[in-house]
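**Student:** For reference, the structure I am asking about is given below.
Only the coordinates and a few stated rules stand behind these numbers; no lab work does. These numbers come from a predicted model, not from an experiment.
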Amino acid sequence: NVCAIAVDAWIAGADTTGRTLRWMPLLLMQNPMAQERIRSELLSVVGKERRLAMTDKPNLPYFNAAIAELQRSANILPFMLIHRCTADTTIGGK
């Protein structure tokens with residue numbers, strides 16, 4: 001059922017986004033220089049008078065990089081499966 005698949009994908013995305021938003025303040029407290037740089041970038045692009053919009057994304061490279069790094073490094077998936085090779089792999093004959 002296409003509808004069930006769409007709902008599952010939406011719920012999975014919402015959960016991941018929520019977990020990211022919970023981790024970000026904790027990680028930024030550990031890095032005040034990154035926090036200030038993100039704040040400055042947001043203020044210069046968005047300002048205080050309006051809300052952040054998807055159209056702002058291309059103009060926020062540091063903020064986007066911080067989100068990507070957070071998703072790479074934080075444990076945002078509660079049940080990560082352990083990955084391992086099941087067979088030896090040869091690349092380029094070596």
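**Student:** Could you give me the ³J(HN,Hα) list for region 23-36, computed from phi with Karplus coefficients 6.51, -1.76, 1.60 and θ = phi - 60°, whole Hz, x at Gly and Pro?
**Tutor:** 6, 4, x, 5, 6, 5, 5, 7, 9, x, 5, 5, 4, 5
**Student:** What is region 7-72 by shape, rounded, prolate or oblate, if you read a ≥ b ≥ c off the alpha carbon gyration tensor as root eigenvalues and call it rounded for a/c under 1.5, prolate for a/b larger than b/c, and oblate otherwise? Write down the numbers at each step before the final one.
**Tutor:** Working: a/c = 2.17, a/b = 1.31, b/c = 1.66.
Oblate, since a/c reaches 1.5 and b/c is not below a/b.
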